[in-house]
Every structure is written in structure tokens, then in C-alpha cells.
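Here, each number is a calculation from the coordinates, and none is a lab measurement. Here the structure is a predicted model, which is why all the values come from computation and not from measurement. With ideal geometry, Cβ positions are generated from the backbone for all residues, glycine too; neighbour counts draw on all protein chains shown.
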Amino acid sequence: MNKRYTLSATQRLKSKKSIDALFKQGQRLTVGSIRMFHGPAAAKGVRMGVGVSAKHFPNAVDRNRIKRQLRDCYRLQQEIVSGITTMSGGIDIFIVYTEKELPDYHHLFALMQKGLTKLVAFYQKG
């Protein structure tokens with residue numbers, strides 16, 4: 001039977017409190033047009049959230065498309081980060097798309113792979 005690559009409710013970062021703490025105290029990693037904010041979390045496992053600037057993309061249709069593509073790129077490559085944890089528990093990741101043009105899916109996929117690989121190297125080193 002094939003493995004299902006889904007994002008469960010426990011893998012989604014939705015709490016405004018957690019996201020704000022991540023922006024204030026977390027580390028930042030930039031790969032091309034993707035900026036990843038990451039930091040330790042109290043909960044076990046890896047939680048992920050995405051965001052797109054309404055200033056650059058005033059149409060909600062475009063923002064939602066980019067967020068959907070980012071989530072899909074992460075979903076298909078989540079095994080890259082599945083093994084990393086910190087001493088206190090898990091890791092929170094929030095991904096922001098910073099470019100001003102609509103992205104190509106294959107370009108986003110490659111950027112996500114590069115970013116997640118750098119993130120794993122960061123947590124394995126430290």
C-alpha cells in the first residue's frame with residue numbers, strides 16, 4: 001500500500017501566539033524567494049505554517065494559490081525534516097513567500113527542497 005503524504009492537524013502551525021513567538025525569537029533562513037522562520041517548540045514533532053504578503057498579492061486567489069503550492073511542496077518533502085527534533089521537543093517552521101511575481105511550482109519545489117535540507121543541517125550541527 002502506498003504511503004499517504006498528508007498534513008495532520010498536529011503538523012499545522014495555526015496558533016497566532018506560536019507564530020508571533022517564532023517571528024520574535026526564532027531563527028531565519030532565506031533560500032531564493034522563500035524565507036523560513038524556525039525555532040524550538042514545546043510540542044513533539046514538526047509543525048509548519050505558510051504565509052504570503054497581501055501587499056505583493058492583493059488578490060486573495062493568488063495568495064491562496066501560492067500558499068497551497070507551498071503546503072504541497074512541503075507535504076511531498078516532509079520526510080526530509082521528520083527526523084529532526086530539539087532537546088525540549090519539536091520544531092516550528094513558518095514559510096513566507098517574498099517574491100512579487102507568481103511562482104512556478106517546480107521552482108518552488110526545488111527551493112523548498114534546498115531550504116529543508118539546510119534546516120536539517122542546521123539542527124544536526126547544533
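Contact map, segment 44-60: residues that are in contact (Cβ under 8 Å) with a residue 12 or more places away in the chain and surrounded by fewer than 16 Cβ atoms within 10 Å (Cβ to Cβ) paired with residues that are of a type in the set (D, E, K, R) and part of a loop (DSSP other than H, G, I, E, B), Cβ distance under 8 Å, separation 6+ or inter-chain. Pairs shown: H56/E99; H56/K100. Quick check on I84: is it in contact (Cβ under 8 Å) with a residue 60 or more places away in the chain and either crowded, with 16+ Cβ neighbours inside 10 Å or within 17 Å of L29 (Cβ to Cβ) (or both)? Criteria not met by I84. With respect to (1) part of a helix (DSSP H, G or I); (2) under 23 Å from Q27 (Cα atoms), the lone exception for D92 is condition (1). Residues that are under 14 Å from L13 (Cβ atoms), assigned to a loop (DSSP other than H, G, I, E, B) and either out of contact with any strand residue (DSSP E or B) (no Cβ under 8 Å at 6 or more places or on another chain) or not polar (S, T, N, Q) (or both) do not occur anywhere in segment 27-34. Scanning segment 5-13 for residues that are in a loop (DSSP other than H, G, I, E, B), of a type in the set (S, T, N, Q) and within 21 Å of F122 (Cα to Cα) turns up nothing.
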